[in-house]
Structure formats: structure tokens, C-alpha cells
Amino acid sequence: MEKKHTDEKNYLSVRIKWCALLAAGLIGAFLVEMWTVCIREMRPFTIPAAFTVLFVLLAAAVHRLVLVPYRETRKIYEQFVMGYVMEDLFKVRYPFSPESEQAILRLNEIIDRSNLIAISKKQAEYLALQNQINPHFLYNTLEGIRSEALIAGLDSIAEMTEALATFFRYTISDLENLVTLEDELANIENYYYIQQFRFGSKLDLSIRYERDGDDDFSEMDFLQCKLPKLTLQPIVENSIYHGIERKIGKGHLVIRISASEERLYIRISDDGQGMTDAKLKELNEKLRRLGDETDDPEKDGEKKQTRGGIAVVNVNRRIKLLFGEEYGIHVYSKEEVGTDVVVELPLVREENRQGGWR
């Protein structure tokens, strides 16, 4: 056993090789002594022969079950420390201990999760970029339309064009960072303004902040909460196209925002057509699991859940990957009554950016 001092930390390592050699030497000396006594005193060789065979079998077993795995594992660890491919670390067949095996499995999960986050972000960017075409060309064209509309005195068209340009700019820009709820709601208001030109008075949107009686959480506190970019717009879009649009008469869309000490809740409610129990169960099952990046929402002949935005399932996946399995989206719905989509997030506020999740 050898004690090492490295970077002011103490490491205790057992030299298995030398321990094995020492044990083999002692047993070998014992066997030699037994054979010597038997030869000198003309005793039967049965006992020393049996001990010799037993020793050979034991040595072979120790070599195969201890020394070979130890050398293999040590070599892989040394290569990993020297910077070789990390995947080699997961090829360890003989961990030093149950604790080291659990550490390797946990590291594998972390790496898989990091890869999923990267893949999910790329998928989100790809879906958003499907609308991009050429952003500068798009913005310049919309600005040209807006200018012509102002010259012609068509103020409503100029305002709609400006709202459309702002919406596209927010949608297409970088998806990496968290944004404030204020930014997300501003984007929703832009989106609602654009949809009003299509639906007119058929569509009504309201935003409500719900507090407990003794809660000092102000509206500004709500607005400074952080969440992944483009979390709400795909849900609102689904509520309109799959709920309110198919309804006869006026449709109401309500966004309710509430919070507990550690969580932020956003409930998007519509009084549209709702969905059957079977469809609701299937959707919540999709949302419950983290999901496979290769899932295709159109495999079963379904329409995409959003038109040109980030799919709700992918939004849910991004939330779970960023914050954990306990967060995400859950849907409540009743046919011919309406649908509630609840987004559950950790309570992260603007002022706590340096301090991690609050």
C-alpha cells in the first residue's frame, strides 16, 4: 500500500501487482517447504501435490479475474486522463468498485443529456429557420411594404407589416439563451395582432397574473422570470389552429401566470373544440417521456403541431432537458369544452442570472 501526495491532496493506492507477487512468493515458499519435508522424510506426496494443484488453479483464477481486469481498467483510465476518446471510458468491463461503476454510468447519462440538448437545440433552430428564407431580404421587403402603406395612408397595413417583421425577427434570432417572460409575452401580443387581421373579432386574448392574497409577487416580478425562448408561441398557435379556428362563434384565449416559491406556472386556456380522451392520453404520454429526437410527428398521418414554429413536443423536450424531468408541459382537455395547456418551469428571475436556478 502506497500513499501519494499530489496537488495538496492525499491519494491511497494499492499495488495489486506487488501484493499478488508477495502472496505468490509466500505460498510458493510454503509449497517448497512441504515438498522438501515429504522428500526428506519419505512421506506420501498426496498432500503437497494437492496443494500445488490448488495453488496453480488459484493463481490462474486470480490472474484472469483480478490482474487482467485491473490492467485493462487502469489502462483505459490512464488513456482517458491523457485525453484519448471519452467513449473508451464507457468500455470498462471491470470497474474498480461498485461506486466507480455508478460514477461511469452517471457520467454517461450526463453526456447523453448534453448531446440531447445540443441535438434538440439544432432541431429547434432548423424548424425555426424553415421560415427564414433570407432574413435581410425578408426584413427589407416588409419595410418596403410598410413604407408604401404609410405613403398610401394605409395605417393598418403598415402596423401589421411592422408587427410581422418584429415577430419574424424574434422567431429567427438565436435560440440559445433564456429570455424574460416579458419578451415572450411581447412576442405573443405581436402574434395575436397579426392573427386579428385574419380572425377579426372572433379571437380574444387576455393575460392574467394570479397571486395569493398574502403574496407580494408583483407583475414586474412575473415579467422578469426566465424561460426558454419560443416556449409560449407554439402553444398559442396550436390553441388557435386546432381549437378556436374550428369553433363556431367567438373564441377566447386566456394566459394565466402564477408562481410558487420555486416554480412558475403558465396556463394557456382556450374554449375551442377540445380533444377526445384517447387523443389527450396519447399527447400527454408523448409529453411525459423525454422523447426520441428521431420522432416524426407526421408518421401517423398527423399534421404538424405548429406551422413554421417550434413544435410543442419539442418545446416540452427542451424544457425537460434544460431543467429536469419534473418540469415540462401537461395538457387538460374536454371535447367541445376547450383545452388547458400548463407549462411548469423553475422560478428563475433576471436578477439571479449569476446565481443559477432559483
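Looking at Asp216, is it more than 21 Å from Asp270 (Cα to Cα) and free of Cβ contacts under 8 Å to residues at least 12 places away in the same chain? The answer is yes for Asp216. Taking the listed residues Phe167, Phe197, Phe222, the one that is over 15 Å from Ile266 (Cα atoms) and either under 30 Å from the mean Cα position of the chain (by Cα) or crowded, with 18+ Cβ neighbours inside 10 Å (or both) is Phe167, with no other qualifying.
Taken as a whole, the structure leaves Asn238 outside the set of residues that are without any contact (Cβ under 8 Å) to a residue 60 or more places away in the chain, crowded, with 17+ Cβ neighbours inside 10 Å and not aliphatic (A, V, I, L, M).
Coordinate-derived values only; no laboratory data. These numbers come from a predicted model, not from an experiment. We place every Cβ from the backbone using ideal geometry, glycine too, and count neighbours over all the protein chains shown.
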